[in-house]
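Notes follow the structure.
The values are calculated or read from the model by the stated rules, or taken from the named source; none is laboratory data. This structure is a prediction, so every number in the text was calculated from the model and none was measured. Here the Cβ positions follow ideal geometry from the backbone for every residue, glycine too, while neighbour counts run over all protein chains shown. Ligands, DNA and RNA are stripped out before the accessible areas are found, and what is left, the full protein with its side chains, is counted by its heavy atoms. Shrake-Rupley method; radii C 1.70, N 1.55, O 1.52, S 1.80 Å.
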Amino acid sequence: QVRLVESGGGLVQPGGSLRLSCAPSGSIKSMNDMAWYRQAPGKQREEVALISPAGNTRYADSVKGRFTISTDKAKNTVYLQMNSLKPEDTAMYYCYGYLIGGGSSYWDDYWGQGTQVTVSS
């Protein structure tokens, strides 16, 4: 079964930047909304950014002006460019996609395993 695979997390100092990437582990038939979520210890998972197939985007208020979500449709890859990072951005970041997997005929929710982002001096 297709999975979403994230990369790009790590440790960065406040004010720094990171770019997260997410791509399916195998072939897919179609891709709809893609999004990034995050979950900090002791907190609920929250939507950080979403992008529609038409390229419309939505951001959490806490990241507006600092984060940018984008896609490379040729690679079925979604990115999250994170600038001016703050300690409160520290969390596990998860990729989400509403996809039709390569072996499926149905739309379904797909999640990645998460990539850790830590902002600390």
- Item | Top-ranked residue of the range 68-85 - restricted to ones that are surrounded by 13 or more Cβ atoms within 10 Å (Cβ to Cβ) and of a type outside the set (Ser, Thr, Tyr), ranked as farthest from residue 12 (Cα to Cα) | 76
- Query: Looking at the range 22-34, is at least one residue over 15 Å from residue 119 (Cβ atoms), of a type in the set (Lys, Arg) and assigned to a strand (DSSP E or B)?
  - Reply: yes
- Query: Does the range 30-45 include one or more residues that are closer than 26 Å to residue 88 by Cα, touching a Gly at 6+ places or on another chain (Cβ under 7 Å), open to solvent by less than 30 Å² (accessible area, probe 1.4 Å) and modelled with pLDDT of 95 or more?
  - Reply: yes
- All conditions in (1) under 19 Å from residue 25 (Cα atoms); (2) open to solvent by 70 Å² or more (accessible area, probe 1.4 Å); (3) under 13 Å from the mean Cα position of the chain (by Cα) are true of residue 58 except (1)
- Message: I'm told residue 63 meets every condition in (1) exposed (fewer than 13 other Cβ atoms within 10 Å of the Cβ); (2) at pLDDT 95 or above; (3) assigned to a loop (DSSP other than H, G, I, E, B) except one. Can you identify the failing condition by its number?
- Response: (1)
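When only residues in the range 71-121 that are assigned to a strand (DSSP E or B) and β-branched (Val, Ile, Thr) count, which is farthest from residue 1 (Cα to Cα)?
Checked the range 71-121; the qualifying residue farthest from residue 1 (Cα to Cα) is 119.
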- Checked against (1) surrounded by fewer than 13 Cβ atoms within 10 Å (Cβ to Cβ); (2) over 21 Å from residue 109 (Cβ atoms); (3) not charged (D, E, K, R), residue 16 satisfies every condition except (1)
